[in-house]
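Undergrad: Mind looking over this structure? Questions follow.
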Amino acid sequence: MTTLYSQIPSTDRLLRDEAFASLLTTYGHSRVTQTLRQLQDEARAAIRDAQRLPAWCENWAQAASQRLEHENSHALRSVFNLSGTVLHTNLGRAVQSQAAIDAVTTAMGSAVTLEYDLDGAGRGHRDRAIAALLCQLTGAEDACIVNNNAAAVLLMLAATSAGGEVVVSRGELVEIGGAFRIPDVMRQAGCILHEVGTTNRTHAKDYRQAINANTAALMKVHTSNYHIAGFTKAVEEAELVELAQEADLPVIVDLGSGSLVDLSLYGLPKEPMPQALIAAGVSLVSFSGDKLLGGPQAGIIVGKKALIEQLQHHPLKRALRADKMTLAALEATLRLYLHPEKLTQNLPTLRYLTRPQAEIRDQAQRLCDALTARYSEFALRVEPCLSQIGSGSLPVERLPGAALTFTPHDGSGRRLEALASEWRTLPQPVIGRIYEGRLWLDCRCLDDESRLLEILLK
Ligand SMILES: *Cc1c(COP(=O)(O)O)cnc(C)c1O
């Protein structure tokens, strides 16, 4: 035992070793020393518990290097999203356009006109430039930007309706996941939820009968992540606006994703558009920046000038406001919508959603040809598959695409799990999906084919 302990080299001796020179340059003296102390402790523990030195003691420099490299790898890493879900919340939703990336890079590295008015050298307000763009795109009078759509809903309710009742259909008491539930948000905003109608049917008279002296607003919530079919009835926004005008109340809408372009023009299922609601006379509409819009995480509220003013001056706005990077990315994204003819080229989300099935299938076939020999324990096949839009957008719609599938020759589920987990540890992890006894790599969102091949062929 004592002889084993004596084989653990001293920190000083190790640090003088030539093999440590580059580690010291890269990581600095204190981090390398700290790592060596940890390794020495682990070696002593191994001697105490197992009466032997761990195998890595053969090469202390290599062990320290691996440890430091591992600690240095970022928690937020780039992955291949081959999961079949285009807007995958756990994978960061929308991939940003080159225009947004460039705008953020500039905003990060320099001072910017965030709240600075170059004309009058006075203090502008940070949403102003984007508000002008949003008005142009949606026909609204004004706009307000916050951190995400959950924040937008909270702010709309708090600023317009705190202390009062907000009338919502029982068919629209949505839970989005991650603790966003309309009744809870309502309570946090200081509003009283007044439910009307039933799960499947709500009529205009239900809203009308609910209006009383304490009513502050009528609200609609887009049922983005579920679908009620059959004997159903909901009240259209335009009809609700008429009703609200009689009682001098605002109509507020949580649109969820919202799309600034008519998706049916691209052969995609239609998603409601904020501009249609503005045209119908809705007072405030909120939607996400990183769902179908294809921009950064943000909550966008468009609507009537007087109400947006109220939102801008509410104390919560200060707590929920977006930072310069978000605003830069959002502005660049919105500018792409000024040139709709090029959107499917310039906006990655729309590019993925509109990729022709044949193109995806050809890509999957190229991967299949290149990878078959390397993955000989599996049968590789190109199969048609259905991708999801994700993030609660159009929950029942599916997009026909193609995937490269891996089926273990021996049918072993464990082998499949092992492959999926091996891919999660790659320098750029590859995220697929296991179902029906196969591992599926949906190629819809695959941009860098050669990098994927390089990684999977190692
Ligand atoms: C997605 C969604 C939200 C939450 O939006 P985030 O941008 O994720 O905060 C709220 N309401 C509806 C209807 C949604 O679909």
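The values are calculated or read from the model by the stated rules, or taken from the named source; none is laboratory data. Note that the coordinates shown come from a computational prediction; the quantities given were computed from them, not determined experimentally. Neighbour counts are summed over all protein chains in view; Cβ atoms, including those assigned to glycine, are modelled from backbone coordinates with ideal geometry. These area figures cover heavy atoms from the full protein model, side chains too; ligands, DNA and RNA do not enter into them. Shrake-Rupley method; radii C 1.70, N 1.55, O 1.52, S 1.80 Å.
Undergrad: Quote to one decimal, in nm, the extra length available between GLU377 and LEU68 on full extension: 0.36 nm per residue of separation minus the C-alpha distance between them. Provide the component values of the computation, followed by the final result.
TA: Numbers: separation 309, 0.36 × 309 = 111.24 nm, distance 3.41 nm.
Difference between extended and current length: 107.8 nm.
Undergrad: How high is the relative contact order of the stretch 98-341, given as a whole-number percent (alpha carbon pairs under 8 Å, six or more residues apart)?
TA: 28 percent
Undergrad: Compute the accessible area per residue over the stretch 319-444, keeping the other protein chains in place, probe 1.4 Å, unit Å².
TA: 46 Å²
Undergrad: Find the accessible area per residue for the stretch 145-235; the probe is 1.4 Å, ligands and nucleic acids are left out, and the unit is Å².
TA: Result: 43 Å² of accessible area for each residue.
Undergrad: Roughly how many Å is it from the Cα centre of the stretch 228-254 to that of the stretch 351-422, as a whole number?
TA: That distance is 42 Å.
Undergrad: Considering just Cα atoms, how many Å³ per residue does the convex hull of the stretch 98-341 enclose?
TA: Per residue, the Cα convex hull of the stretch 98-341 comes to 132 Å³.
Undergrad: Sticking with this structure for a sec: Can you work out ³J(HN,Hα) from phi for every residue in the stretch 82-95, in order, using Karplus 6.51 cos²θ - 1.76 cosθ + 1.60 and θ = phi - 60°, giving whole Hz and x for Gly and Pro?
TA: Calculated HN-Hα couplings, in order: 10, 7, x, 10, 5, 9, 8, 4, 6, 9, x, 6, 5, 6 Hz.
Undergrad: Let me spell out the model: positive unit charges on the Cβ of Lys and Arg, negative unit charges on the Cβ of Asp and Glu, origin at the Cα centre of the stretch 195-340. What dipole size does that give, in debye rounded to 20?
TA: Roughly 280 debye, rounded to the nearest 20.
Undergrad: Would any residue of the stretch 274-288 have its amide N under 13 Å from a label point 7 Å out along Cα→Cβ of ILE192? List them or say none.
TA: It comes to no residues whatsoever.
Undergrad: What is the local net charge at LYS342, summed over the other residues whose Cβ is closer than 13 Å to its Cβ (Lys, Arg +1; Asp, Glu -1)?
TA: +1
Undergrad: If I model a spin label as a point 7 Å beyond the Cα along the Cα-Cβ vector, how far apart are those points for GLN7 and GLU359 in nm?
TA: The two pseudo-label positions are separated by 6.0 nm.
Undergrad: Still on this model: Which residues make up the longest stretch of the chain that has no chymotrypsin sites (Phe, Trp or Tyr not before Pro) in a DSSP loop with at most 12 other Cβ atoms within 10 Å?
TA: Values: sites that count: TYR226, PHE231.
Maximal segment without exposed cleavage sites: 232-458.
Undergrad: Oh, and also: Please list the non-local residues whose amide H lies under 5 Å from the amide H of SER283, H modeled 1.01 Å from N, same-chain partners needing a gap of 5 or more.
TA: VAL251
Undergrad: Which of the aspartates and glutamates could a cross-linker bridge to LYS305, judged by Cα under 13 Å and excluding same-chain residues fewer than eight apart?
TA: Of all the aspartates and glutamates, those that pass the test against LYS305 - Cα under 13 Å, at least 8 places apart if same chain - are GLU141, ASP142.
Undergrad: Moving on to the next point. Mind checking the per residue accessible area of the stretch 19-83 for me, 1.4 Å probe, whole number of Å²?
TA: For the stretch 19-83, the solvent-accessible area averages 62 Å² per residue.
Undergrad: Using a Förster radius of 41 Å, what is the FRET efficiency between ALA420 and ASN59 based on their Cβ-Cβ separation? Nearest 0.05, please.
TA: Plugging the Cβ-Cβ distance into 1/(1 + (r/R0)^6) gives 0.85.
Undergrad: Still on this structure, please answer the following. Enumerate by residue number the GluC sites (Glu not before Pro) in the stretch 358-405 meeting two conditions: DSSP loop (anything except H, G, I, E, B), and at most 16 other Cβ atoms within 10 Å of the site's Cβ. Each step should come with its number before you reach the end.
TA: Values: sites: GLU359, GLU377, GLU397; in loops: GLU377, GLU397.
Sites meeting the loop and neighbour criteria: GLU377, GLU397.
Undergrad: Here is a further query. Give me the lysines in straight-line cross-link reach of LYS291: C-alpha distance below 24 Å, same-chain residues under 8 apart excluded.
TA: LYS220, LYS270, LYS304, LYS317, LYS324, LYS342
Undergrad: Grab the Cα-Cα distance for ARG170 and HIS125, subtract it from 0.36 nm times how many residues apart they are, and report the gain in nm with one decimal.
TA: Result for the pair: 12.4 nm of gain on full extension.
Undergrad: Then there is this: First compute the accessible area of the chain with a 1.4 Å probe, then give the percent of it belonging to carbon and sulfur atoms. Please list the in-between numbers first.
TA: Details: 11130 of 22260 Å².
Looking at the chain in its full context, I get 50 percent from C and S.
Undergrad: Kirkwood Rh over Cα pairs of the chain into Stokes-Einstein at 20 °C, 1.002 mPa s: D in µm²/s? Mind dumping the intermediate values first?
TA: Details: Rh = 25.7 Å.
For the chosen part, D equals 83 µm²/s.
Undergrad: What net charge do the residues around THR85 carry, taking every other residue with its C-beta under 14 Å from that of THR85, with Lys and Arg at +1 and Asp and Glu at -1? Spell out each step's value before the answer.
TA: Numbers: positive: ARG93, LYS291, ARG398, ARG433, ARG444; negative: ASP290, GLU397, ASP442.
Within the 14 Å Cβ shell, the charges total +2.
Undergrad: Hand me the GluC sites (Glu not before Pro) from the stretch 224-285 located in a DSSP loop with no more than 15 other Cβ atoms within 10 Å, in residue order please.
TA: GLU236
Undergrad: Calculate the FRET efficiency for SER78 and ASN200 from the Cβ-Cβ distance with a Förster distance of 45 Å, rounded to the nearest 0.05.
TA: The calculated FRET efficiency here is 0.55.
Undergrad: Same structure again: Given R₀ = 35 Å, what would the calculated FRET efficiency be for LYS305 paired with ILE101, taking r from the Cβ atoms and rounding to 0.05?
TA: Given R0 = 35 Å and the Cβ-Cβ separation, E is 0.60.
Undergrad: Karplus couplings for the stretch 136-151 from phi (6.51 cos²θ - 1.76 cosθ + 1.60, θ = phi - 60°), rounded to Hz, Gly and Pro as x?
TA: Per residue, the Karplus-derived 3J(HN,Hα) values read 4, 7, 10, x, 6, 7, 6, 8, 9, 10, 10, 5, 6, 6, 4, 5 Hz.
Undergrad: Just the number, please: percent antiparallel of the DSSP beta bridges in the chain, rounded to the nearest 5.
TA: If I count the DSSP bridges inside the chain, around 65 percent turn out antiparallel.
Undergrad: Nothing charged except the Cβ atoms of Lys and Arg (+1) and of Asp and Glu (-1): what's the magnitude of the dipole of the chain about its Cα centre? Round to the nearest 20 debye.
TA: Details: 46 positive and 51 negative charges, 155 e Å.
In debye, rounded to 20, the chain gives about 740.
Undergrad: Residue by residue, what Karplus-based ³J(HN,Hα) values in Hz, rounded to whole numbers, does the stretch 257-274 have, using 6.51, -1.76 and 1.60 with θ = phi - 60° and x for Gly and Pro?
TA: Running phi through 6.51 cos²θ - 1.76 cosθ + 1.60 with θ = phi - 60° gives 6, x, 9, 7, 10, 6, 5, 5, 5, 9, x, 9, x, 6, 10, x, 10, x Hz.
Undergrad: Take GLU42 and ASP369, extend 7 Å from each Cα along the Cα→Cβ direction, and tell me the distance between the two endpoints in nm.
TA: 4.5 nm
Undergrad: Which whole-number percent is the relative contact order of the chain (Cα, under 8 Å, 6+ apart)?
TA: Over the chain, the number comes to 19 percent.
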